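Report on one structure; see the data block that follows.
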Amino acid sequence: MKIFSKDSLDEFLVALVDERSCRLQQLKWHENSLQQINAGQFDFNGHEDLASQFVDWTRSNGIKNADCRWILSRNLYQTYQIDPPNVLPKEMDEAIKWQIKEMLEYSIDQALVTHYRPAFKEGQSEQITAVATSKALVESIIDATHKTGLVFTSIDIEELTIGHSLVDSLGDGQLVGFIGEDISGLVFNFYQSGGLAFSRHKKGRFLPNSHQQEFSLEQEQEAEQETFLLETQRTLDYVVSQVFRRPIDKILLQENSESDAKLAEVIRQITELEVNLVAPPVFSDNHELVKPMLAEIGAAMRGNQ
């Protein structure tokens, strides 16, 4: 699902926007691999300031003739699991807007609503996922992109873009769990036959890299990491018994440092599942740049796989 989308080029500027900050990754395809060219970040106060600083950053860094792909962080949109309205496909989003109007955080005129269908199989849930965000934010993003002269390609949501960076690890017919972190907390995504079927998010920092220390259950500061293991086990139990009603085939754990291998082994022992580490499939000649997140890589890879 994309809120908006067009055809793409081979060089990208991916902008991941949160409530008051924006991360930027300049990427391009090089011999069938993604290369990081530049990276940056700025804080902003309101939609106008976001647009103004985005234009200034792209111009000061000389970025031209590139796709511009935006990602909304989880703090900027809401999702609702609902029964699909009985309307024609072209009428779906408008019907959904009225169906969820009492739950919206905006007035119905200020909201932009779309949806995606989770990758459930027959006999599992038939619900769809409605997605709502601020219409003014989307309009500001589109306007800012046009002012830069970049090619506006898409606005997507964080929970969906991650999967495109994992495509080589999502086997056909398999139920695969992904555990990682985004800007604001823990991410538990579950993919069925390559498509996102279920997503859970918990705010807070729990993975070892959040404290820049190695994973060890013997350390005094391990309360948050123990919470991580508890949340992981609780989430796995729930999706197996209540959502999919079948075992998970394997787990993908976001890799941030060499110490993550220890964490993977702990999860493997607790769950008795195959646990594989995954890292953003990108290379860079400048190792001082802030590394891209899986969601940012996924936004660049979407449509080019």
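The values are calculated or read from the model by the stated rules, or taken from the named source; none is laboratory data. Since we're looking at a predicted model, the values are computed, not measured. Virtual Cβ from ideal backbone geometry, glycine too; neighbours counted across all protein chains shown.
Some notes on this structure:
- Cβ pairs under 8 Å, 6+ apart, first in the stretch 140-159 and closer than 21 Å to Q110 by Cα, second acidic (D, E) and surrounded by fewer than 20 Cβ atoms within 10 Å (Cβ to Cβ): S140/E48
- Some residue of the stretch 119-128 being assigned to a loop (DSSP other than H, G, I, E, B), within 29 Å of V55 (Cα to Cα) and not hydroxyl-bearing (S, T, Y): no
- Residues in the stretch 283-305 that are buried (at least 19 other Cβ atoms within 10 Å of the Cβ) and either aliphatic (A, V, I, L, M) or modelled with pLDDT under 90 (or both): M293, L294, A295, I297, A299, A300, M301, R302.
- Pairs where the first residue, in the stretch 241-255, is aromatic (F, W, Y) and the second is at pLDDT 90 or above and surrounded by 13 or more Cβ atoms within 10 Å (Cβ to Cβ), C-beta under 9 Å, 6+ apart: F244/L175; F244/F190; F244/Q192; F244/A197; F244/F198
- From the list G123, G177, G171, G163, the lone residue that is farther than 23 Å from D83 by Cβ and over 17 Å from the mean Cα position of the chain (by Cα) is G171.
- Residue in the stretch 249-305 that is farthest from the chain's Cα centre (by Cα), counting only those that are charged (D, E, K, R), assigned to a loop (DSSP other than H, G, I, E, B) and within 16 Å of F12 (Cα to Cα): K291
- Scanning the stretch 172-200 for residues that are surrounded by fewer than 16 Cβ atoms within 10 Å (Cβ to Cβ), touching a Ser or Thr at 6+ places or on another chain (Cβ under 9 Å) and at pLDDT 90 or above gives a single hit, Q174.
- Within the stretch 286-303, residues that are on the phi > 0 side of the Ramachandran plot sit with their Cβ atoms under 8 Å from residues that are in a loop (DSSP other than H, G, I, E, B) and of a type outside the set (D, E), at 6+ positions apart or across chains, in these pairs: G303/S8.
- Test: residue in the stretch 135-150 that is β-branched (V, I, T), surrounded by fewer than 21 Cβ atoms within 10 Å (Cβ to Cβ) and not in a helix (DSSP H, G or I): no
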